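> Provided herewith is a single structure, encoded as structure tokens, for subsequent inquiry.
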Amino acid sequence: MKLDITYLMKNLTNEEKTGLCSGEGFWWTKAVERLGIPSIMVSDGPHGLRKQADASDHLGLNESIQAVCFPAGSALASSWDRELIGTLGEHLGDEARAEKLHTVLGPAINIKRSPLCGRNFEYLSEDPYLAGELSASYVNGIQSRNVGVSVKHFAANNQEYFRMSTDTIVSERALREIYLAAFEKTVKDAKPWTLMCAYNRLNGTYCCEHEWLLKDVLRDEWGFDGIVMTDWGAMNRRVEALEAGLNLEMPSSNGVNDRRLLKALESGRLSQETLDHSVEELLRWIDKGLAAEPAIDSYDQEAHHAFARKAAAECAVLLKNENNMLPLAEDKAVVFIGHFARAPRFQGGGSSHINPFKVSNAVTAAADLPNVRFAPGWGDDGEQADAARLAEAVEAARSAEAAVIFAGLPDSFESEGYDRTHLNLPACQDELIAAVSAVQPNTVVVLHKGSPVLMPWLADVKAVLDLYLGGQAVGEASVDLLFGQSAPAGRLAETLPLRLADTPAYLNFPGDSKRVVYAEDIFVGYRWYDSREMPVEFPFGFGLAYTEFAISNLQLSAAAFAGEPITVTAEVKNIGERAGKEVVQVYVAPPAGKTARPAHELKGFAKVELAPGASQTVSFSLDARSFAYYEERIADWHIPSGDYVIEVGRSSRDLPLRATVTIEGKPLPFIHQDHTTIADIIEAGKGAAISELMQQMEQVFGGGREEANADAAVSDLMRDSMLLSMPIRSLLSFASLGDDFEDKLKRRFENEV
Ligand code: BGC
């Protein structure tokens, strides 16, 4: 089926056109039967399908069809694996087609500004480069199956507190470098069919009616040619939103806003051209999904479950493994402790909540192992202490050869809709880990949670395996990992802090009920911890393997950057005894300068699988953006001159290989304004125009003094500093320069190249 869009645009009435601008039911667009425009269905996302056939809601309250629950975004990002995420996208695309879904509402790629955001379990990373690379792979995967995505939530929606109305106050630089960058990458590299605008306001304007965001940046700069839909219930002023580039209101306003559009059109407030343009984009989107012929009627659920199991291991981050505690020998007497061993927490609550067709657990998955026992340890809700269960667990641990505690956050501790207020595990779990590790030296903690937790017992346990929220096959995956059938291959996509008070947004999260100020600006995640040289529990990018790797032989294709991308290569070798995967990471550290920049930023990564003794050369490409920051004064990316250090290694705190790239950047263009200072003029290379003036001024301020004593040094410094920071116009107060002095100076600037 194909729509004849030119014909349709000629024949649709304005009532039908405005009707198409909002949904019907909870998940459908409206049909125009007389012209053959079908109603199409969208559905959450992002890590599985939440197709609701009957009662519908956007909070995951009502039942959805059975589907496959893959690892959640927080886990997926820890894979650092573009290929894996691309395959996940293909699987989701196949499922969506089998379920007759046109567009999947995901990926959710908001940046993890604070570990307290209730929805971080769904989001990917604190780093926009990593989030953007993975998101583009996800989108390419799904869309290769002719199923659309809705990349969400655009933009700067990084908390749940008053998420539908709060005003995010953030600089343009932080937006460009941190909060928009992953969207930019996804739009440019994967051409998503749709984007979902966020609920919140952005610097005073609701995202749904934000012309700068939806038109200037998204469409004009990035070349987006799909449609923008609202998050569910995010519409504010319908006419302004349409004019700003918002196509589809979801789920609907029960006709109210359609009529508002019609009235605005009739009164001349809204132009026919604006409405037609938007409707044409909508029809093109609808049409894309209709091309997916032949229809797929089913998919192999078991094969997708097997993929989910493999993916969970790829995402698992081994945080500690003293004396190679893991993997465990299969005949070891081991006790699994904690109710998550029997009922794992494998996904989060809210609109991403999947109804999995089956869920595996570690106790059942280990049933064939001869010496594995189980003790629940605490209450089945994960929160309540239970003295009898605690005593039983401690006794079981004492008499075993190793204890594996399946700990983590219960559902009530993190969810869409509300934020966390602390980083602790439930007290009963911390107590049990302390009690068990006191009697059993071989204690392993397996974590199930979507965001960072504090680990007061870290020094007392031998190993920590972080599964995040590993999807419906996490039970089998955890046993595979613990006993070495698979190897943990994840790396942290976010920093694990030592204290909540250390986190970048600590003083400004979540703001008051009206607004939140992103005062930490660009210093988010490791950009904050590393620039401030703060200790952390585990750094961004960190993760161990069951083997060891050596990274060596860093080479650059050029020692200077002049516009052509630089190729960076390094060799990685498995120097251990087991097969495994390493994630080689490339960071760029800028030269010191007047503009504050992060100590370094991730600009490349590659995941490689190597047999023992094998090695491989990995290569990365650094382009202009790898060196640039967003300079608000010129409203563009800018690369200052200097030496940039290319750092290669395995986490933001373990970068043993270094090389330098020299850049002769362009100076910032000089614009003479009434606050232009002498320093601005010198920095812009316009010194010649004022050299004569400077000499005069030095005389006025006591230059040319002979004595070289300490006092003179201080006053010279003072004079120079004051002179440099003085606006040009103020010079008139200190020397007789004539009425036309500023004009003359301006002419000289213009003549000076
Ligand atoms: C969420 C979206 C979701 C939508 C539909 C909203 O509450 O923020 O992520 O796609 O509901 O369920």
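> Once the dipole of the stretch 678-751 is set up with Lys and Arg at +1 and Asp and Glu at -1 on Cβ about the Cα centre, which of 687, 714, 751 lies farthest towards its positive end?
Ranked along the dipole, the leading option is 751.
> When the Karplus curve 6.51 cos²θ - 1.76 cosθ + 1.60 is applied with θ = phi - 60°, which whole-Hz ³J(HN,Hα) does each residue of the stretch 343-355 get, with x for Gly and Pro?
9, x, 8, 10, 7, x, x, x, 5, 9, 6, 9, 9
> With θ taken as phi - 60° and the coefficients 6.51, -1.76 and 1.60, list the Karplus ³J(HN,Hα) couplings across the stretch 523-533 in order, rounded to whole Hz; mark glycine and proline as x.
My calculation for the stretch 523-533 gives 8, 10, x, 5, 4, 7, 4, 6, 5, 8, 6 Hz in order.
> Please compute the length gained on full extension between residue 741 and residue 578, using 0.36 nm multiplied by the number of residues separating them and subtracting their Cα-Cα distance.
51.1 nm
> Also, quick follow-up: Can you give me the distance in nm between label points at residue 33 and residue 56, each placed 7 Å from the Cα along the Cα-to-Cβ direction?
1.8 nm
> What's the extension gain from residue 401 to residue 664 if we count 0.36 nm per residue and subtract their Cα-Cα distance? All intermediate terms of the calculation are to be shown ahead of the outcome.
Working: separation 263, 0.36 × 263 = 94.68 nm, distance 6.17 nm.
Once the chain is fully extended between residue 401 and residue 664, it gains 88.5 nm.
> Let me spell out the model: positive unit charges on the Cβ of Lys and Arg, negative unit charges on the Cβ of Asp and Glu, origin at the Cα centre of the stretch 40-247. What dipole size does that give, in debye rounded to 20?
Dipole size: approximately 100 debye.
> By how many nm would the segment from residue 718 to residue 683 grow when fully extended, if each residue of separation counts as 0.36 nm and the alpha-carbon distance is taken off? Could you put the intermediate results ahead of the total?
Values: separation 35, 0.36 × 35 = 12.60 nm, distance 1.92 nm.
So the extension gain works out to 10.7 nm.
> Oh, and also: Which residue, chosen from 453, 124, 143, occupies the Cα position most advanced towards the positive end of the dipole of the chain, where the dipole is computed from +1 (Lys, Arg) and -1 (Asp, Glu) charges on Cβ about the Cα centre?
Looking along the dipole axis, the top candidate is 143.
> If you don't mind, another one. Using the Cβ atoms and a cut-off under 13 Å, what net charge is assigned to the surroundings of residue 557, where Lys and Arg are +1 and Asp and Glu are -1?
-2
> Here's another thing I want to ask about it. Take the residue pairs 100/191; 10/215; 152/191; 320/603 and return only those whose Cα atoms are more than 18 Å apart.
Those over the limit are 100/191; 10/215; 320/603.
> Separate question: In the stretch 549-663, with Lys and Arg counted as +1 and Asp and Glu as -1 at Cβ, which of these residues, 630, 576, 593, has the Cα nearest the positive end of the dipole, that is, farthest along it?
So the residue we want is 576.
> In addition: Under the rule of at least 5 residues apart or a separate chain, name every residue whose amide H is placed under 5 Å from the amide H of residue 50.
44, 45
> Oh, and also: Given Cα pairs under 8 Å that are at least 6 residues apart, what percent is the relative contact order of the stretch 306-531?
On the way: 436 pairs, mean separation 70.1, N = 226.
Reported relative contact order: 31 percent.
> Calculate what fraction, in whole %, of the accessible area of the chain sits on carbon and sulfur atoms when a 1.4 Å probe is rolled over the protein chains.
Its accessible area is 49 percent carbon and sulfur atoms.
> Hey, another quick one. To the nearest Å, what is the center-to-center distance of the stretch 141-166 and the stretch 245-274, using C-alpha atoms only?
Distance between centres, Cα-based: 23 Å.
> At 1.4 Å probe radius, can you tell me the per residue accessible area of the chain in Å²?
Computed with neighbouring chains in place, this is 38 Å² per residue.
> Under 5 Å between amide hydrogens, which residues at least 5 positions from residue 542 or on another chain qualify, with H placed 1.01 Å from N in the peptide plane?
Residues meeting the amide H criterion: 492, 652.
> Quick one: what are the phi-derived ³J(HN,Hα) couplings along the stretch 65-70, Karplus 6.51/-1.76/1.60 with θ = phi - 60°, whole Hz, x for glycine and proline?
These are the phi-based 3J(HN,Hα) values: 5, 5, 8, 9, 9, 7 Hz.
> To the nearest 0.05, how large is the calculated FRET efficiency for residue 303 and residue 342 if R₀ is 30 Å and r is the Cβ-Cβ distance?
0.70
> Ignoring everything except DSSP H segments at least 4 long, calculate the 222 nm mean residue ellipticity for the chain; use -39,500 (n - 2.57) per segment, divide by total residues, nearest 500.
-8500 deg cm²/dmol
> Restricting to Cα pairs below 8 Å that are 6+ residues apart, what does the relative contact order work out to for the stretch 40-247? Please round to a whole percent.
In percent, rounded to a whole number, it is 18.
> Sum up the charges of everything whose Cβ sits under 12 Å from the Cβ of residue 64, counting Lys and Arg as +1 and Asp and Glu as -1, but leave residue 64 out.
In short, -3.
> In percent, what relative contact order does the chain have, based on Cα pairs under 8 Å that are 6 or more apart in sequence?
13 percent
> Given H placed 1.01 Å from N in the peptide plane, which residues other than close sequence neighbours of residue 549 have an amide H under 5 Å from its amide H?
575
> Also, I was wondering about something else. Give the separation of the Cα centroids, the stretch 313-383 to the stretch 424-490, in Å.
Cα centroid of the stretch 313-383 versus Cα centroid of the stretch 424-490: 8 Å apart.
> Mind checking the dipole of the stretch 423-548: about its Cα centre, +1 per Lys or Arg Cβ, -1 per Asp or Glu Cβ, Debye to the nearest 20?
The calculation lands at about 220 debye.
> Charges at C-beta only: +1 for Lys and Arg, -1 for Asp and Glu. How large is the resulting dipole of the chain about its Cα centre, in Debye rounded to 20?
620 debye
> Then there's this: Leaving out ligands, DNA and RNA but keeping every protein chain, what accessible area does residue 638 have, in Å² rounded to the nearest 10, with a 1.4 Å probe?
20 Å²
The values are calculated or read from the model by the stated rules, or taken from the named source; none is laboratory data. The structure displayed is predicted, hence computed values, not measured ones. Using ideal geometry, Cβ is built from the backbone for each residue, glycine included, and neighbour counts are taken over all protein chains shown. With ligands, DNA and RNA removed, areas are computed over all heavy atoms of the protein, side chains included. Shrake-Rupley method; radii C 1.70, N 1.55, O 1.52, S 1.80 Å.
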